[in-house]
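Novice: Okay, here's the structure, questions in a sec.
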Amino acid sequence: NASAWTNLGAALQQENRITDAKKAYQQALALNPKSTSITSKLVAMAVETGEWELARRYLEKALEIEPNIAETHGNLGNVYQELGKFKEAEASYLQAIALKPDLAGAHSNLGNTLKELGRLNEAEASYRQAIALKSDFAEAHGNLGLTLQELGRFEEALASCNQAIAVKPDYAEAHYNSGITLQRLGRLDEAKASYLQAIALKADYAEAHNNLGGTLQELGRLDEAIASYVQAIALKSDYAEAYANLGIAIKSVRFNSSSIKLYAPLTHLVSSEIGTRPSDVADSVVSLLKHDIQIKDLLLKKNAAVSLDDVTSTIRSLHKLPLLHRLMRVCPLPDLQLEKLFVAMRRLLIVNIDNLEAVPELIYFLSTLSIHCFINEYVYIESDEEAHLISELQAKISKSLAKSEQPEVIKVLCLASYRPLHQYEWCQRLKSLESLAEVNERLIKEPLIEKIIAKDIPVLEAISDDVSLKVRGQYEENPWPRWVKAGVSIKAKPIAAVCDELKLRLHSDNIKNVIAPSILIAGCGTGQHAIGTASRFTNCHVTAVDLSLASLAYAQRKSNELRFTNIDYLQADILHLYQVGKEFDIIESAGVLHHMEEPMTGWRALVELLKPSGLMRIGLYSALARQHVAQAREEITALGVETSQANIREFRQTLAESRHEHHQQLTKSSNFFSLSGMRDLIFHVQEHRFTLSQIKNSLDELGLKFCGFEVQGIDSRFTRFYGETSDIHDLALWDEF
């Protein structure tokens with residue numbers, strides 16, 4: 001009896017026994033397969049439990065029985081939308097409207113689908129039709145506001161949001177959307193009030209907390225902004241945009257007190273590929289950690305690393321700080337105090353290697369230290385005694401493996417904290433690290449993979465320019481930077497959106513109409529730049545070239561890991577790029593031209609590859625900002641310091657201990673904390689520096705027009721100095737500023 005099963009289903013549903021109720025309704029439907037009433041109950045239950053495919057099947061079954069019910073077509077459209085099948089959703093809504101033209105909900109939902117498909121003008125028309133049919137349709141007013149926002153019609157968008165609120169004052173989403181619009185209009189205090197109202201109506205509104213953080217950040221209230229981002233993350237633990245915003249916010253913050261509640265989100269932040277490069281926030285995170293009682297006490301003690309007992313105690317203390325360990329495993333630590341501590345600890349561990357007990361805390365610390373020293377390319381100073389002990393240790397390990405005996409893991413890790421394991425021919429016979437997956441992967445497997453990849457990198461032409469050959473030699477020895485986490489964009493955007501965000505003054509809007517941009521990265525290094533750009537622009541294809549095969553192999557490995565398929569890597573000199581035989585919509589070259597013998601020759605070669613109305617993003621060394629670097633380079637030349645690893649380490653230690661102001665400035669650079677960074681900073685084989693007036697002359701000579709600087713914060717300082725009506729694109733004024 002179908003009725004009995006239906007009644008049983010209803011009773012079970014009333015008792016919240018959903019699985020049993022569903023079975024009862026299914027039994028009823030089996031007995032009465034043409035019952036749209038039973039089918040609708042099963043649809044409702046599937047929707048409630050998020051079983052969208054099941055809901056789709058029941059709705060399609062209902063339409064087989066009664067094909068002309070507009071509401072059923074509309075509901076099927078809703079299910080298709082949940083499944084991400086927007087074309088099918090559009091067809092269902094159009095069918096619903098054809099059957100019942102005054103169905104306001106179908107028009108509004110069609111607008112939602114068209115918006116997802118990027119057909120904003122059609123979406124606007126659908127929302128307006130829904131409102132014409134039902135003037136108090138708050139959701140349609142709100143979604144119209146969102147669409148008008150995306151169309152850049154902010155005043156109209158605000159009016160629609162306000163209309164939604166007038167109809168439904170407790171509509172949290174409308175207050176939130178109003179906040180977004182007010183923020184885009186620069187009315188920050190009103191935007192803040194709108195976000196706060198949305199949160200008052202819906203306390204767990206993670207997106208409102210996140211956007212409130214953005215508004216507070218624009219208002220210069222960084223502490224409050226950080227608190228808002230942390231709250232958004234607490235409500236939505238996988239909220240990529242909130243993590244990215246937190247990363248941006250803390251870049252310029254130096255903490256003056258401890259805040260343990262930041263540890264978990266910051267640990268996730270530096271571990272994630274999305275949004276933030278760990279090296280960009282390392283200074284801030286270190287400043288926070290140095291206020292932690294565990295580290296503060298260690299740095300205050302004079303005997304934190306004087307004896308093996310001290311080191312053991314210190315390791316136990318640091319074990320309580322997973323944020324520190326995670327940061328050390330993904331980027332160099334830009335702090336000389338912590339470096340001094342780790343140098344002393346490393347020395348005591350190698351000196352006492354035969355007395356070390358393989359406890360978990362020590363293995364974990366040595367794993368972190370070995371990964372960290374690999375990342376900074378063993379930039380830490382070492383004594384002759386340590387060098388001798390390391391030489392003996394590697395000989396013993398080699399001898400053990402030759403006898404098919406596995407060395408103790410502690411001894412392998414001690415060696416790994418001084419020397420790259422992949423350089424030893426025996427590294428692939430090593431089994432001691434198999435239980436330490438991250439160490440094994442990073443120190444042995446990845447470098448060996450790069451050697452294989454390097455053989456398959458295409459080469460445009462043999463490099464012949466003398467300076468290019470020297471530069472290539474430097475980066476073959478020291479690929480830079482040795483990065484771990486990319487900080488890729490959360491969502492790729494069209495060129496037009498990127499240009500608007502950067503507030504570029506375009507001299508032609510043609511570039512905004514490019515749907516699938518071809519992009520050249522001239523001098524891509526180890527791939528961080530290329531991957532960042534490939535993730536930034538919608539539908540782009542990137543050609544990334546560099547002189548160094550070692551750098552390109554690193555870049556290709558990281559691109560493979562991150563599954564980027566829209567980047568082609570090529571070994572080439574900028575001077576030979578005309579042989580590629582194509583032009584590009586966008587050309588990016590940062591930190592490259594100033595290392596050429598004749599920067600203008602290289603720049604001119606790039607201009608010849610740029611399409612008319614194309615964009616060029618260039619990064620050059622500043623003569624003003626690098627005066628201290630120039631002084632150090634002169635000292636290196638005068639002293640005859642060579643570029644061996646030992647010489648770089650020793651000269652770096654001299655700088656670290658110096659009280660001269662220009663030496664102290666160098667220690668504040670992130671480059672100071674890795675060997676390849678040091679070499680790039682002050683030992684580079686070739687360096688030119690530019691003034692802004694020289695850049696202006698170069699642009700004029702090359703027929704290029706200045707569109708703006710890609711910097712944060714400096715624009716507002718410029719306009720405060722010269723007034724709101726000043727020309728922010730006047731390079732002569734910038735030079736003066």
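Novice: Of everything in segment 695-730, what is in contact (Cβ under 8 Å) with a residue 60 or more places away in the chain, farther than 25 Å from ALA249 by Cα and not in a loop (DSSP other than H, G, I, E, B)? Give them in sequence order.
Specialist: Scanning segment 695-730 gives ILE695, SER698, GLU701, LEU702.
Novice: Within segment 383-394, is there a residue that is under 30 Å from HIS268 (Cα atoms) and open to solvent by 40 Å² or more (accessible area, probe 1.4 Å)?
Specialist: no
Novice: Let me ask something else about it. Residue under question is SER40, and the condition is that it be over 25 Å from PRO67 (Cβ atoms) and either open to solvent by 20 Å² or more (accessible area, probe 1.4 Å) or among the acidic types (Asp, Glu) (or both); does it hold?
Specialist: No; evaluated as a whole, the condition is false for this residue.
Novice: For segment 593-614: of the residues being open to solvent by 30 Å² or more (accessible area, probe 1.4 Å) and not basic (Lys, Arg), which is nearest to VAL685 (Cα to Cα)?
Specialist: Result: GLU597.
Novice: Right, next: Can you tell me which condition LEU349 does not meet? The list is (1) assigned to a helix (DSSP H, G or I); (2) of a type outside the set (Val, Ile, Thr); (3) surrounded by fewer than 20 Cβ atoms within 10 Å (Cβ to Cβ), and all the others hold.
Specialist: Condition (3) is where LEU349 drops out.
Novice: Which condition breaks for GLU156 when tested against (1) under 21 Å from GLU207 (Cα atoms); (2) assigned to a helix (DSSP H, G or I)?
Specialist: Every condition holds for GLU156 apart from (1).
Novice: Among the charged types (D, E, K, R), outside any loop (DSSP other than H, G, I, E, B) and either within 23 Å of TYR205 (Cβ to Cβ) or at pLDDT 95 or above (or both): which single residue out of GLU71, GLU90 fits that description? Before the answer, list the steps.
Specialist: On the way: GLU71 fails: either within 23 Å of TYR205 (Cβ to Cβ) or at pLDDT 95 or above (or both).
Every option except GLU90 fails the conditions.
Novice: OK, next. Out of segment 560-604, which residues are under 25 Å from ASN513 (Cα atoms) and not in a strand (DSSP E or B)?
Specialist: Selection gives PHE564, THR565, ASN566, VAL580, GLY581, LYS582, GLU583.
Novice: Has segment 488-496 got at least one residue that is in a strand (DSSP E or B) and open to solvent by less than 30 Å² (accessible area, probe 1.4 Å)?
Specialist: Within segment 488-496, one or more residues are in a strand (DSSP E or B) and open to solvent by less than 30 Å² (accessible area, probe 1.4 Å).
Novice: Something else: Please find, within segment 302-334, the residue that is modelled with the lowest pLDDT out of those that are in a loop (DSSP other than H, G, I, E, B) and crowded, with 20+ Cβ neighbours inside 10 Å.
Specialist: Taking the candidates together, the pick is ALA305.
Novice: Also, quick follow-up: Filtering segment 402-415 down to residues that are more than 28 Å from THR654 (Cβ to Cβ) and open to solvent by less than 10 Å² (accessible area, probe 1.4 Å), which residue is nearest to the chain's Cα centre (by Cα)?
Specialist: Per the stated criteria, the residue is LEU413.
Novice: While we're looking at this one, here's another question. Which is farther than 27 Å from GLU450 by Cα and under 17 Å from the mean Cα position of the chain (by Cα), of LYS491, LYS512, LYS503, LYS485?
Specialist: LYS491
Novice: Here are the criteria: (1) open to solvent by 60 Å² or more (accessible area, probe 1.4 Å); (2) over 19 Å from the mean Cα position of the chain (by Cα); (3) under 23 Å from VAL488 (Cα atoms); (4) among the polar types (S, T, N, Q). Tell me which single one SER237 does not satisfy.
Specialist: For SER237, the failing item is (2).
Novice: While we're looking at this one, here's another question. Listed residues ASN210, ASN177, ASN162; which is within 17 Å of TYR239 (Cβ to Cβ) and either open to solvent by less than 30 Å² (accessible area, probe 1.4 Å) or at pLDDT 95 or above (or both)?
Specialist: Matching residue, one of ASN210, ASN177, ASN162: ASN210.
Novice: Further question on the same structure: Any residue at all in segment 616-637 that's under 28 Å from GLU339 (Cβ atoms), free of Cβ contacts under 8 Å to residues at least 12 places away in the same chain and among the β-branched types (Val, Ile, Thr)?
Specialist: yes
Novice: Now for a separate question. With (1) open to solvent by 30 Å² or more (accessible area, probe 1.4 Å); (2) under 16 Å from PHE342 (Cβ atoms); (3) under 26 Å from the mean Cα position of the chain (by Cα) as the list, and LYS445 as the residue in question, which single condition is left unmet?
Specialist: It is condition (2) that LYS445 fails.
Novice: Please work out which residue is modelled with the lowest pLDDT, limiting yourself to segment 180-207 and to residues that are under 17 Å from GLU241 (Cβ atoms) and open to solvent by 60 Å² or more (accessible area, probe 1.4 Å).
Specialist: ARG184
Novice: Hey, could you check segment 132-151 for residues that are out of contact with any Lys or Arg (no Cβ under 9 Å at 6 or more places or on another chain) and surrounded by fewer than 20 Cβ atoms within 10 Å (Cβ to Cβ) and say which is farthest from SER178 (Cα to Cα)? So that I can check it myself, show each step before the final result.
Specialist: First, the residues of segment 132-151 that are out of contact with any Lys or Arg (no Cβ under 9 Å at 6 or more places or on another chain): 132-135, 137, 145, 148, 151.
Now drop any that are not surrounded by fewer than 20 Cβ atoms within 10 Å (Cβ to Cβ), which leaves 132-135, 151.
On the way: ALA132: 22, LEU133: 24, LYS134: 21, SER135: 19, LEU151: 15 Å.
Step by step, filter segment 132-151, then rank; the result is LEU133.
Novice: Give the residues of segment 270-329 that are among the hydroxyl-bearing types (Ser, Thr, Tyr) and more than 17 Å from the chain's Cα centre (by Cα), sorted by residue number.
Specialist: SER287, SER307, THR312, SER313, THR314, SER317
Novice: Sticking with this structure for a sec: So, in segment 627-670, how many residues would count as being among the basic types (Lys, Arg) and open to solvent by less than 30 Å² (accessible area, probe 1.4 Å)?
Specialist: 2
Novice: Out of TYR418, TYR424, TYR364, which single residue is closer than 25 Å to LEU348 by Cβ and within 28 Å of the chain's Cα centre (by Cα)?
Specialist: TYR364
Novice: Ok, one more. Considering only segment 503-533, state which residues are farther than 27 Å from ASN560 by Cα and exposed (fewer than 15 other Cβ atoms within 10 Å of the Cβ).
Specialist: LYS503, ARG505, HIS507, SER508, ASP509, ASN510, ASN513, listed by residue number.
Novice: Which condition from (1) under 21 Å from the mean Cα position of the chain (by Cα); (2) over 26 Å from GLY708 (Cβ atoms); (3) open to solvent by less than 30 Å² (accessible area, probe 1.4 Å) is the one that THR543 breaks?
Specialist: Condition (2) is where THR543 drops out.
Novice: Does segment 680-694 hold any residues that are assigned to a helix (DSSP H, G or I) and either hydroxyl-bearing (Ser, Thr, Tyr) or open to solvent by less than 20 Å² (accessible area, probe 1.4 Å) (or both), and which are they? Working first, answer last.
Specialist: In the first step, residues of segment 680-694 are kept if they are assigned to a helix (DSSP H, G or I); the result is 680-682, 692-694.
Matches in segment 680-694: ASP680, LEU681, ILE682, SER693.
Novice: Being touching a helix residue (DSSP H, G or I) at 6+ places or on another chain (Cβ under 8 Å) and assigned to a strand (DSSP E or B) is the filter; apply it to segment 521-558 and report the residue that is nearest to LEU443 (Cα to Cα).
Specialist: Among those residues, the one meeting the criterion is ASP546.
Novice: Yes or no: ASN560 open to solvent by 10 Å² or more (accessible area, probe 1.4 Å), touching a Cys at 6+ places or on another chain (Cβ under 8 Å) and of a type outside the set (A, V, I, L, M, F, W, C)? Give the steps one after another, and end with the answer.
Specialist: Working: open to solvent by 10 Å² or more (accessible area, probe 1.4 Å): yes; touching a Cys at 6+ places or on another chain (Cβ under 8 Å): no; of a type outside the set (A, V, I, L, M, F, W, C): yes.
Answer is no for this residue.
Novice: Among the listed residues GLU446, GLU386, GLU392, GLU461, identify the single one that is closer than 26 Å to CYS524 by Cα and part of a helix (DSSP H, G or I).
Specialist: Result of the check over GLU446, GLU386, GLU392, GLU461: GLU446.
Novice: Applying the selection to segment 339-364, what residues are without any contact (Cβ under 8 Å) to a residue 24 or more places away in the chain and over 19 Å from LEU298 (Cα atoms)?
Specialist: Hits for segment 339-364 are ASP354, GLU357, VAL359, PRO360.
Novice: Then there's this: Out of all the residues in segment 368-382, is one or more part of a helix (DSSP H, G or I), closer than 30 Å to SER669 by Cβ, open to solvent by 30 Å² or more (accessible area, probe 1.4 Å) and at pLDDT 95 or above?
Specialist: So far as segment 368-382 goes, no, none of its residues is part of a helix (DSSP H, G or I), closer than 30 Å to SER669 by Cβ, open to solvent by 30 Å² or more (accessible area, probe 1.4 Å) and at pLDDT 95 or above.
The values are calculated or read from the model by the stated rules, or taken from the named source; none is laboratory data. The model shown is predicted, which means the values in this text are computed figures rather than measured ones. Methodologically, a virtual Cβ is constructed for each residue, glycine included, from the backbone with ideal geometry; neighbour enumeration extends over all protein chains shown. Please note that ligands, DNA and RNA were not included when accessible areas were found on the heavy atoms of the full protein model with its side chains. Shrake-Rupley method; radii C 1.70, N 1.55, O 1.52, S 1.80 Å.
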